[in-house]
1. For the peptides 25-33, 39-47, what is the packing order when you average, over each peptide's residues, the other Cβ atoms within 10 Å and list the highest mean first?
2. Subtracting the Cα-Cα distance from 0.36 nm times the residue separation, let me have the gained length for Ile100 to Phe7 in nm, one decimal.
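What follows draws every value from the coordinates through simple rules; no lab data is involved. Remember, it's a predicted structure, so these values are computed and weren't measured experimentally. Note that each Cβ is placed from the backbone with ideal geometry, even for glycine, and that neighbours are counted across all protein chains shown.
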Amino acid sequence: RTVFALFAPLALLAIHINVGRKSYFKADTLACQWLDNPIQLAHALIKLDSYAKTQPPAVPFSLGHLFIVTPLTIGLWGRYFTAQPPIGKRIHKLVGYYPI
C-alpha cells in the first residue's frame, strides 16, 4: 500500500497528460455530430452524472478516467484524480447554455 501511495501522484500526472479535458470536449462534439441533436447528449450526460452522484460505483482512483462522467466522489482525494471536466461546462459548450 505504501508503494501505491508513493506512486499515486505520478499516476495522476500521467493521467492528466494523456487524458486531458480537451479529449472529453472532442468526444462530445463528435457524439453531437453523430446524433445531430446536442440536447439529447446533454440529457444523457445529466442522467449519467446524477446516477454517478447518487449511486457511485466502487471504482479505484486509477480507473476513474475511463468513465464518461466522474465516478469518484469529490470529497477527500477524489477531486485530485478527476480527469473529466464538470458536466456544466460540457453542456454549456455543447448546447450554448446551462442548465437546459
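1. Averaged packing, sorted descending, gives the order 39-47, 25-33.
2. Full-extension gain reported as 29.4 nm.
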